[in-house]
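Read the structure below first, then the notes.
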Amino acid sequence: MGEVETLEGAAVARIGAAEDLAALEALRVEYLGKQGSISGLLKTLGSMSPEERETEGPKIHALREKVQAALTARKDVLESAALDARLAAETLDLSLPAPDAPKGSVHPVSQVMDELAEIFADMGFAVATGPEIEDDWYNFTALNMPESHPARAMHDTFYFPDTAPQGGRMLLRTHTSPVQVRTMKAGGAPVRIIAPGRVYRSDSDATHTPMFHQVEGLVIDKGIHLGHLKWTLETFLKAFFERDDIVLRLRPSYFPFTEPSVEVDVGFAIENGPDGKGRRVLGGSGDEPGHGWMELLGSGMVNRKVIEMSGLDPDQWQGFAFGVGVDRLAMLKYGMDDLRAFFDGDVRWLKHYGFSAFDQPTLSAGVGARA
Ligand code: DAH
């Protein structure tokens, strides 16, 4: 057996026995590296006679190819073994036990929004939405608050540095009222919608957070008057608080987007709580002894300028609007006293005040059922 055959037998055997990729690489260098033995054999071709080269040349090239093939084959085997080992080591045990009961809960704000949608759907209202990033035309101008209007300053607005497409300023909406304008512009009249959602103002204490929730109501039709407004609010609040003795007081007020404007107060009684402290319980006239009035929401007949800026003829279409804090409704109904806790994400609070996902508010089962 010549040198080439001896080398081939040894190389193929050693490569086949290489235990890991590092040992295999060492063998590759030993045979095929610059100083390797096969490379050395190839170099001898230059000093051979032409006849010798003719017989030896193909043998040495064949040897190099066989060794290369053996290296590649072994590498595949070692790599797939390494992958199998890694897959075995890194498996996830999907048989870990699930928690006994679902851990999450529905946030009171979500629950109250669902309650509102349910109550108003029964009165024929659809749910409308609008963008939280608004421009100052929808948030202010179209609601009869032109550039210099003092109410703009009262809103503690978060402005963006960007300019709106129409040239105004971009901002985080300070109220849900711009949805009134968007709804009328997009769909014309008649309109019967509520628009719940997030609003933003630069303000923070126990009853104010930089982000909070409002629900807007809008009715536009022919011959709508304040009586319709009062009936709608009374029907809504009786259903929401689940009491028939809710009494409202409409007080003259001012909002740029309504004329006339009314602030709505609701009567409450002071009752002793379990801790012996007096607490306010909604119901009854605020004028009775031991009772009082609590300011609840803003509303009024939609200003004809707003109807006009929304693309409708105010001589033909009239309506009413209202706006109320959703968080405030939740606090009154479910008894929380600090608004900031709504947004802290404290699991103890969420567990205490949260709702089961199965506790869907329905008018037939009750919009306020607790799990
Ligand atoms: N947009 C008012 C606010 O955020 C609330 C409001 C008052 C809305 C009267 C209305 C309304 O639609 O008629 O303070």
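Suppose only helical runs count, i.e. DSSP H with n ≥ 4. What mean residue ellipticity at 222 nm does that imply for the chain under -39500 (n - 2.57) per run, divided by all residues and rounded to the nearest 500 deg cm²/dmol?
-12500 deg cm²/dmol, from helical runs alone.
Against the 2.2 N^0.38 Å scaling, with N counting residues, where does the range 3-89 land? I'd like the Cα-based Rg ratio to two decimal places.
With N residues counted in the range 3-89, Rg over 2.2 N^0.38 Å equals 1.30.
Please give the helix 3-17 orientation as an angle from the longest Cα principal axis of the chain, in degrees from 0 to 90, rounded to the nearest 10.
30 degrees
To the nearest 0.05, how large is the calculated FRET efficiency for MET211 and ALA88 if R₀ is 45 Å and r is the Cβ-Cβ distance?
Working from the Cβ atoms, E equals 0.40.
Please work out the Cα center distance from the range 278-308 to the range 312-371, rounded to the nearest Å.
17 Å
When only alpha-carbon atoms are used, what values of Rg and Dmax, in angstrom, describe the range 183-273?
Cα-based Rg and Dmax for the range 183-273 come out at 16.0, 50 Å.
Counting only GluC sites (Glu not before Pro) that sit in a DSSP loop (anything but H, G, I, E, B) with at most 11 other Cβ atoms within 10 Å, what is the longest stretch of the chain containing none of them?
Segment 148-371 is the longest.
Using the Karplus curve 6.51 cos²θ - 1.76 cosθ + 1.60 with θ = phi - 60°, what ³J(HN,Hα) values do you get for each residue of the range 132-139, in whole Hz, with x for Gly and Pro?
7, 8, 10, 10, 5, 5, 5, 6
In whole Hz, what ³J(HN,Hα) sequence does the range 68-76 give by Karplus (6.51, -1.76, 1.60; θ = phi - 60°), x for Gly and Pro?
Once rounded to whole Hz, the list reads 4, 5, 5, 4, 4, 4, 5, 4, 4.
Out of GLY9, LEU21, PRO274, whose Cα points farthest toward the positive end of the dipole of the chain (charges: +1 Lys, Arg; -1 Asp, Glu; placed on Cβ)?
Positive-most Cα among the choices belongs to PRO274.
Would you please state which residues of the range 68-86 a label at ALA22 would reach in this model, taking the label point 7 Å out along Cα→Cβ and a backbone N cut-off of under 16 Å?
79, 82
Which value, in debye to the nearest 20, describes the size of the charge dipole of the chain about its Cα centre when Lys and Arg Cβ atoms bear +1, Asp and Glu Cβ atoms bear -1, and nothing else is charged?
Result for the chain is approximately 520 debye, rounded to the nearest 20.
Using 0.36 nm times the number of residues separating MET294 and GLU5, minus their current alpha carbon distance, what extension gain do you get?
Length difference between fully extended and current span is 93.7 nm.
In nm, to one decimal, how far is the ASP315 label point from the ALA186 one, both placed 7 Å along Cα→Cβ?
The modelled label-to-label distance comes out at 3.0 nm.
Quick one: if the Förster radius is 22 Å, what FRET efficiency do THR129 and PHE158 give, using the C-beta to C-beta distance and rounding to 0.05?
0.65
Compute the angle between helix 21-32 and the longest alpha-carbon principal axis of the chain, please, reported from 0 to 90 degrees and rounded to the nearest 10.
40 degrees
Among VAL181, ILE38, MET331, flag the residue with its Cα farthest along the positive direction of the charge dipole of the chain, charges on Cβ as +1 for Lys/Arg and -1 for Asp/Glu.
VAL181
Rounded to the nearest 20 Debye, what is the dipole magnitude of the range 3-89 about its Cα centre when Lys and Arg each give +1 and Asp and Glu each give -1 at the C-beta?
240 debye
The chain: longest stretch without exposed trypsin sites (Lys or Arg not before Pro) (DSSP loop, at most 11 other Cβ within 10 Å), sites themselves excluded?
Excluding the exposed sites themselves, the longest stretch runs over 104-221.
Do me a favour and compute the ellipsoid semi-axes for the chain from its Cα gyration tensor, root of five times each eigenvalue, largest one first, whole Å.
Each semi-axis is the square root of five times an eigenvalue, giving 80, 29, 18 Å.
Using alpha carbons only, how many degrees (0 to 90, rounded to 10) separate the axis of helix 178-187 from the longest principal axis of the chain?
On a 0 to 90 degree scale, this one is about 80.
What is the list of residues in the range 1-16 whose amide nitrogen lies under 16 Å from a point 7 angstrom out from the Cα of ALA73, following Cα to Cβ?
Residues passing the 16 Å test: 8-16.
Please get the size of the charge dipole for the range 306-351, origin at its Cα centre, with Cβ charges of +1 on Lys and Arg and -1 on Asp and Glu, quoted in debye to the nearest 20.
So the dipole magnitude of the range 306-351 works out to roughly 420 debye.
Label-point separation (nm) for GLU65 and TYR334, each offset 7 Å from Cα along Cα-to-Cβ?
So the two model labels end up 7.8 nm from each other.
Report, in whole Å, the centroid distance computed from the Cα atoms of the range 154-200 and the range 67-87.
64 Å
What do the square roots of 5 times the Cα gyration tensor eigenvalues come to for the range 232-371, in whole Å, largest first, as semi-axes of the equivalent ellipsoid?
Each semi-axis is √(5λ); the values are 32, 21, 15 Å.
Every number here is computed from the coordinates shown, using simple stated rules; none is lab data. All values derive from a computational prediction rather than experimental measurement. Cβ sites come from the backbone with ideal geometry, for glycine too, and all protein chains shown count toward neighbours.
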